[in-house]
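Below is one structure, written out as C-alpha cells, with a few remarks after it.
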Amino acid sequence: MIDIKKIEEIYAQFYVEGIAEKWLRLPDLEKALSLLSIPKECIGYSFMKQPIYKISVGNGSKRILIWSQMHGNESTGTRAMLDIIKFFLSKNEFSEQLLSQISFDFIPLLNPDGADLYSRRTAVGIDMNRDFLSKSSVELQILLNQVNKEKYHYLFNLHDQRTIFNVGKTKETATLSFLAPSYNIEQSVNETRQKTMAIIQYINDSLQTLIPGKIGRYTAEFYPRSTGDNFTMQGYPCVLFEAGHYPNDWQREQTRKYLFLAILKAMEAIRKEVKDYTRYDNIPENKQLFLDLIVRNVLVKKDDNEAMVDLGFQYKEFVNIKANRLDNVLVLTDVGDLNHLFGHEEIDAKKEVYTSAQDHFPEIEKTITCEIGDFRLVNGKRII
C-alpha cells in the first residue's frame, strides 16, 4: 500500500524542475522529457503540425491512458504527470508494485497549439472537450485513435478548474475536484460508473488526511458532446481530475503535488481493484462562491448621494508577447453586497471613498483605475 504521507515527505525527489509556471508549451515539455531521459513516441500532429507525444511505462496486464492539456491553458496535470513519470523511473518499492501490474500510456500535451496561445481552445478555436460528436479537431482524433487502438481498461482525463470553486457550503477552496461522468441524462449508475466512483472515493479517503475539506465533486449533469461522458457511454471508466486553487498558490505548485498524490492513489485503487463506491456522493459538490479579491466596505459618492458597496475582482491572465511571459490584471466582476461570497484575498476599506481620475463609477467587466485609501489600481494592475 502506498504510504501517502511518506511519499509527500519525499516528494522533492520526484519533482521535475524547470516547469514551475502555468504557461507550459511544447519546448518546455520536450526539455523536461529530455532531462528524464525517457523515450517518447509521436502519435500524430496538431493542426499547426506540432508533435503530440506518448510516453509508455509498465508491464502489467491492466492498461491505463492518461492525458493532459486537452485545454492548452491547463498545465497542472502535465506537471504532475511528469512527476509521476519520474516517480516510476526512481524504481522504488511503490513504483515497482504498480509497474508490475499496470501498463501506463501518458499523453502529456494533447493541445500544443492551444498551449502556445495559452488558450483553452485549439488553434482553430475548437473546445476539444465539446467536440466528441463532430470530431472536428485533429487532436481529438489522435486521442480517439489511441484509445481505439489499445483498448484501455481505464482512462484519466486531467484538467484545471477556475479559482471560483469552493467545497459544498464551506469556505474551503476546491484544491482538487473529481467526477465520474454520466452516460445518459438520467445520470444512471452502471458498472462502468461504479468503477470510476470507487476510484474517486478511494482518492478522497486518502487525501482527506493531507488537505481536509479541500476536495470537491462536480455534478453529474450529462454533456452529450464531452469526452468523459462519451467514453463512459462506450464502457471506459473515465476519471475526471480537476486541479484547483490552494491558498496563495497562484502557480499551482502545491496543487501539483496533491494532484500527483491523487493520481498515485487512483493507480493504487486500480491495482487493488477497489469496489466500494457507496460514499462517492458524500463528497461535497463544488459551488462557485470564491472571487480572487474582495474589497469590502467601499464608499461610492456623488454629490449628496452615497452607497456602501463591496467590489469583487478576478484575475485575468494574458500572454505578454514582448516579455514572453504570462501577465495578469484584476477585472472588476461584481459590485454590491458580496457577503455571500468569499475572497481568496479580502481587504476592509473601512468606508474609504472610491475615487477615479476619470470620475467614473466602478464598471463591471472592466480593468479599472481607482484609489480606495491605500488600495490603488491602474488599468487593473495593483500598485503596492
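Every number in this text was worked out from the coordinates using simple rules, so none of it is lab data. The model shown is predicted, which means the values in this text are computed figures rather than measured ones. Every residue, glycine as well, gets a Cβ built from its backbone with ideal geometry; the counts of neighbours run over all protein chains shown.
In order along region 167-178, the phi-based Karplus estimate (6.51 cos²θ - 1.76 cosθ + 1.60, θ = phi - 60°) of 3J(HN,Hα) comes to 9, x, 9, 8, 8, 7, 6, 8, 5, 10, 9, 9 Hz; Gly and Pro are listed as x. In a simple Cβ point-charge model (Lys, Arg +1; Asp, Glu -1; nothing else charged), the chain has a dipole of about 1080 debye relative to its Cα centre. Considering only E285, E150, E172, the Gaussian network model of the chain with Cα springs below 10 Å gives its largest mean-square fluctuation to E150.
Excluding I203 itself, what net charge comes from residues whose Cβ is under 10 Å from its Cβ, given Lys and Arg +1 and Asp and Glu -1? Could you put the intermediate results ahead of the total?
Numbers: positive: K265; negative: D205, E268.
That sum, taken over residues with Cβ under 10 Å, equals -1.
When the helix-only estimate is applied to the chain (DSSP H runs of n ≥ 4, each -39,500 (n - 2.57), divided by the residue count), what is the mean residue ellipticity at 222 nm, nearest 500 deg cm²/dmol?
Details: 9 runs with 103 residues, N = 384.
That calculation yields -8000 deg cm²/dmol at 222 nm.
For trypsin sites (Lys or Arg not before Pro), the sites in region 78-148 that DSSP calls loop and that have at most 15 other Cβ atoms within 10 Å are K91, K135. Among residues other than K272 with Cβ under 15 Å from its Cβ, the summed charge is 0 (Lys and Arg +1, Asp and Glu -1). Comparing I85, A266, N286 along the charge dipole axis of region 4-287, the residue lying farthest to the positive side is A266, per the Cβ-charge model. Over 10 Å intervals from 0, what percent of Cα-Cα pairs in region 1-157 sits in each interval? Histogram of Cα-Cα distances, whole percents per bin: 11, 40, 34, 14, 1. Geometric descriptor of region 75-151, per residue, is 103 Å³ (volume of the convex hull of the Cα atoms).
The label point for K6 and the one for Q187, both projected 7 Å from the Cα toward the Cβ, are 3.9 nm apart.
When only Cα pairs below 8 angstrom with a gap of at least 6 residues are kept, the chain shows a relative contact order of 15 percent.
Near Q161, the amide H atoms lying under 5 Å from its own belong to A243, G244; only residues 5 or more places off or on other chains count, and H is placed 1.01 Å from N.
When restricted to Cα atoms, the chain yields an Rg and a Dmax of 22.2, 76 Å, respectively. Put simply, the C-alpha atoms of region 290-383 give a gyration tensor, and the ellipsoid matching it has half-axes of 24, 16, 10 Å, longest first. Over the C-alpha trace of region 118-260, radius of gyration and Dmax come out as 15.7, 44 angstrom. Relative to the longest principal axis of the Cα atoms of the chain, helix 76-89 runs at roughly 40 degrees.
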